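What follows is a single structure, written as structure tokens, with notes after it.
Rule-based calculations on the coordinates, nothing more; no lab input. Because the structure is predicted, anything quoted here is derived from the model rather than measured. Methodologically, a virtual Cβ is constructed for each residue, glycine included, from the backbone with ideal geometry; neighbour enumeration extends over all protein chains shown.
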Amino acid sequence: MQNRLKYWLLFAVVSALALTGLSTAQAAFEDDEACLMCHKYPRMGRVTEDGVFRSYSVPPEMFSNTVHRNVPCRDCHNYIKELPHRPVETGVTCDQECHTKKNPATGKPFSHKPVYDLFQNSVHARGKIAEGLDANKPYCISCHTNPLYNPDQTEPPKKVVDRCELCHEKLDFVTQWYSHTSRRVLEVKRSGEEIVALCSRCHSNEKMLERHAAAAEEAGEPLGKKFLIAAKSYEESFHGKVTKYGFEGAATCLDCHADQENYYRGVHGILSSRDPASPTHKNNRVEACRQCHEYADEKFLAVDPHPSFDAKYNPVLHKAEAIYGVVGNGVVIALIGLSLFETFGRRRDGVGWRIRWGSTWWRRSKRKRKRIIPK
Ligand code: HEC
Ligand code: HEC
Ligand code: HEC
Ligand code: HEC
Ligand code: HEC
Ligand code: HEC
Ligand code: HEC
């Protein structure tokens, strides 16, 4: 009951604010549903039961720069049916159908469901509300934020839109469609470095990975051999090193792990290397390397894209490293030992530790040998 009262109070305050502000701020896009009448206010929000402030503010100038600026609020927030709104449970999921936007190719209501379904068959499958281990996997919004797809807001070239306008008559229409397609044609996408950073955010989180590996082991479906060290070992690889220094073209995570038949589909359908349909499955690996290394064959696969010196992963490399270690350390220890012996001998001889004329040999030795370097 008390909760109800709180809702009404907040509702009343916000409504009053909205009505007074109505004439001043103008929405930068068509707010047909008048949601921004209330939601444009910067401090609009609510303190949750856990004492956390949750912002409900949607700044119009920010929203009008997002990829979804043409989608009416309620196409996504379809559970908002009345004012004041009822408490929200699941919220917006990425497989919803738009009520107003149709897919011009199929004539059906637009939806990301095809991507969503693909994703649900991938190694990262999870729902929006996830608990336990599933919560460690990425959801759509873990990877997708708006700035990436709106790199610049420059006007389209006049020469092009003038041509479109000749037939379509409305400049708004052609500008919108030009922007819609040009971003994709110009390949606005993540750079190699950004992809590695995206995947490494989770795949270098050792504690989280260990929990997953342990749970999978327990369930009798162990994860991949390189699961625990994937990101770290990639950094050690040739590809990782050159990518780190900004070289575009060397293999990044998605060049190998995403099916390249349709890259954009592939990135959402990543499979484990144990799955025969995965490009990283041992039967498909040569093909994966051949995308770039034209002459790759079975022998080429001896080069591990996830190299490790750990005995658990590569006993041969581990032994080689161990031998190098012994030899390397041996040489250093022998050198230091030799110097110590020499010093000890000289001290016994009474030769002091002083550098003069570029030498410590400056005093007569106890055994009466002449050790003084003439001037
Ligand atoms: C008259 C003012 C007003 C209008 C108009 C309005 N809202 Fe709200 N909205 C509120 C208030 C107040 C809250 C906070 C309610 C609460 O704490 O439960 C809120 C909360 C929300 C929330 C968060 C709910 C939650 O509990 O997580 C969403 C989502 C939302 N509104 C969407 C919309 C959409 C979409 C529209 C347009 C159809 C809209 N609102 C129109 C006042 C308004
Ligand atoms: C493309 C879909 C989409 C559109 C269009 C959209 N939103 Fe949202 N909105 C989301 C998602 C996703 C969230 C994150 C909260 C969640 O997971 O439910 C969110 C969060 C919110 C919240 C905070 C709710 C909370 O519980 O924290 C408010 C308020 C809100 N949106 C209002 C609006 C308003 C007003 C508009 C129109 C101007 C709008 N949204 C348009 C998808 C959308
Ligand atoms: C692990 C990260 C990741 C997750 C999770 C993810 N995506 Fe993507 N998505 C990408 C990458 C990478 C691209 C390729 C473009 C790029 O490089 O940004 C992409 C591209 C897209 C595109 C094409 C965008 C455009 O304008 O060209 C859509 C649409 C899309 N994803 C929707 C989704 C949906 C819906 C989900 C949830 C079911 C999802 N993605 C989950 C990484 C991800
Ligand atoms: C010579 C005239 C002409 C020019 C120039 C032209 N269009 Fe079109 N456009 C058409 C016609 C006619 C159709 C309908 C085609 C059909 O349905 O087969 C169309 C269809 C479209 C559609 C599909 C609309 C829908 O809802 O199905 C888009 C989008 C579009 N044009 C954008 C553009 C853009 C952007 C340019 C400039 C780069 C452009 N057009 C230049 C004549 C033209
Ligand atoms: C939000 C965290 C997160 C992000 C971001 C992420 N992953 Fe994952 N990934 C996981 C988790 C957690 C698992 C373990 C899934 C399980 O337990 O089955 C996993 C599993 C995998 C597996 C299969 C492991 C196996 O042994 O079956 C591959 C391959 C993989 N991820 C590749 C990638 C690539 C490539 C990217 C970047 C595009 C990426 N991941 C981004 C969290 C993430
Ligand atoms: C040159 C190709 C290549 C690149 C680049 C690459 N991988 Fe791999 N990855 C593989 C292959 C092949 C395997 C299987 C290796 C094995 O089992 O010995 C694998 C295994 C894995 C595994 C273990 C799960 C499984 O499917 O066996 C994960 C997780 C993983 N990679 C993530 C990543 C991430 C994250 C990146 C980027 C930081 C990355 N990979 C870069 C080829 C690559
Ligand atoms: C997306 C393209 C791409 C893919 C896929 C790819 N590589 Fe590479 N790789 C490169 C580039 C670029 C270089 C740097 C070439 C240079 O300048 O020497 C490189 C370098 C190498 C090198 C260093 C020595 C050399 O030949 O130059 C090895 C070894 C290697 N890759 C192995 C592999 C293996 C094994 C696979 C498959 C599991 C693979 N690569 C997949 C692009 C790729």
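Observations on the structure shown:
- Relative to its residue count, the range 92-172 spans a Cα convex hull of 147 Å³ per residue.
- Taking the convex hull of Cα positions in the range 189-308, its mean projected area over all directions (nm²): 7.7
- From largest to smallest, the equivalent ellipsoid semi-axes obtained for the range 44-153 from the alpha-carbon gyration tensor read 23, 21, 17 Å.
- Scaled radius of gyration (Cα, divided by 2.2 N^0.38 Å) that the range 161-212 gives: 2.09
- Site pair C94 and C292 shows an inter-label distance of 2.5 nm when each label is modelled 7 Å from Cα along Cα→Cβ.
- Dipole orientation for the range 231-298: of the candidates T243, Q260, N283, T243 has the Cα lying most toward the positive pole (charges on Cβ; Lys, Arg +1; Asp, Glu -1).
- Percentage relative contact order, the range 189-308, counting C-alpha pairs under 8 Å, at least six apart: 23
- Peptide packing for 66-75, 232-241, 160-169, 102-111 was compared via the average number of neighbouring C-beta atoms within 10 Å per residue; ordered from the highest value, the list is 232-241, 66-75, 160-169, 102-111.
- The lysine pair tally for the range 142-274, using Cα distances under 14 Å and a gap of 8 or more places or different chains, is 4.
- Over all orientations, the range 246-287 has a Cα convex hull whose mean projected area works out to 3.2 square nanometres.
- Highest mean packing comes first when the peptides 251-257, 44-50 are listed by Cβ atoms within 10 Å, giving 251-257, 44-50.
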